[in-house]
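**Q** Below is the structure I would like to discuss, written out as structure tokens.
The values are calculated or read from the model by the stated rules, or taken from the named source; none is laboratory data. Just so we're clear, the structure is a prediction, and the values are computed from it rather than from any experiment. For neighbour counting, all protein chains shown are included, and Cβ atoms are generated from backbone atoms with ideal geometry for every residue, glycine included.
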Amino acid sequence: MNTLHPSLLRVFAIAIMLLMSSTLGPAFAQAPRPPAYPAPSITLAEARAVIDGAIAFAREKNMTMAVVVVDPAGNVVSSDRMDGAGLQNIRMAEAKAFASALYRQTTEALGELYKSRPDRYFGILNMYPGKVYLVGGGVPLARDGMMVGGAGVAGLPQGVDEQSARAGIDAWTKFRATMKK
């Protein structure tokens, strides 16, 4: 019968204990405490107010478009595409909202980087391939000086996308004023 040398047995025992402690340790650890001040975000009701305001603006102009509202991390909170709007518009609106939330500025301003800082412009495009669209229509959303997300509109003529997003933000501001009472 073959037996292992006692020093080799100790090495195996230590290795097994280390393996067990590394895999079982987290299961027995206390759950992390939630942050004292969770990151502010926009609620679904608030997102719908932005969307409804942007759609109302487009309807007044007899145009169709898509609109998306994202949280500060760029995750979709809500989206809508008007009847007759192109299918691609929802993806473009999401990419605009994502970029404006992450970079905390309008996609119109980010698009200008092409002229002044092409390295930064292409850096952003390469950092998030297929996730950002750096043309006008994305506007960051802030509440009480804190970023809570971004709104993106696509499918309207140049410059009108951002006007529609801003109309949605105006509707959101009015909605929030009624909620405080």
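**Q** Those residues that are hydrophobic (A, V, I, L, M, F, W, C), more than 20 Å from the chain's Cα centre (by Cα) and surrounded by fewer than 19 Cβ atoms within 10 Å (Cβ to Cβ), I need them from region 76-86; list them, please.
**A** Correct list: MET82 only.
**Q** Among the residues of region 126-137, is there at least one that is closer than 17 Å to ALA54 by Cα, in contact with a Ser or Thr (Cβ under 7 Å, 6 or more places away or on another chain) and not charged (D, E, K, R)?
**A** There is at least one residue in region 126-137 that is closer than 17 Å to ALA54 by Cα, in contact with a Ser or Thr (Cβ under 7 Å, 6 or more places away or on another chain) and not charged (D, E, K, R).
**Q** Given the conditions (1) out of contact with any strand residue (DSSP E or B) (no Cβ under 8 Å at 6 or more places or on another chain); (2) in contact (Cβ under 8 Å) with a residue 40 or more places away in the chain, report the number of the one that THR173 does not fulfil.
**A** (2)
**Q** Further question on the same structure: Return yes when VAL50 is modelled with pLDDT of 95 or more, within 21 Å of the chain's Cα centre (by Cα), surrounded by 10 or more Cβ atoms within 10 Å (Cβ to Cβ) and not in a helix (DSSP H, G or I) and no when it is not.
**A** Spelling it out, it is not the case that VAL50 is modelled with pLDDT of 95 or more, within 21 Å of the chain's Cα centre (by Cα), surrounded by 10 or more Cβ atoms within 10 Å (Cβ to Cβ) and not in a helix (DSSP H, G or I).
**Q** For the list (1) small (Gly, Ala, Ser); (2) assigned to a helix (DSSP H, G or I); (3) at pLDDT 70 or above, I need the number of the one condition that SER41 fails.
**A** SER41 satisfies all of (1) small (Gly, Ala, Ser); (2) assigned to a helix (DSSP H, G or I); (3) at pLDDT 70 or above except (2).
**Q** Can ASP80 be described as assigned to a helix (DSSP H, G or I), closer than 20 Å to ARG59 by Cβ, of a type in the set (Asp, Glu) and modelled with pLDDT of 95 or more?
**A** No, not satisfied.
**Q** Let me ask something else. In region 144-181, how many are at pLDDT below 90 and among the charged types (D, E, K, R)?
**A** Final tally of qualifying residues: 3.
**Q** Please work out if MET92 is of a type outside the set (Gly, Ala, Ser), farther than 11 Å from VAL139 by Cβ and crowded, with 19+ Cβ neighbours inside 10 Å.
**A** Here the answer is yes, as MET92 does meet what is asked.
**Q** Next question, about the same structure. Only one of (1) out of contact with any Lys or Arg (no Cβ under 8 Å at 6 or more places or on another chain); (2) touching a residue at least 24 places away in the same chain (Cβ under 8 Å); (3) not in a loop (DSSP other than H, G, I, E, B) is not met by ILE90, so which one is it?
**A** Here ILE90 clears every test but (1).
**Q** Condition (residue is in contact with a strand residue (DSSP E or B) (Cβ under 8 Å, 6 or more places away or on another chain), closer than 19 Å to ALA171 by Cα and without any contact (Cβ under 8 Å) to a residue 12 or more places away in the chain) applied to region 120-139: is it met by at least one residue?
**A** Checked region 120-139: no residue is in contact with a strand residue (DSSP E or B) (Cβ under 8 Å, 6 or more places away or on another chain), closer than 19 Å to ALA171 by Cα and without any contact (Cβ under 8 Å) to a residue 12 or more places away in the chain.
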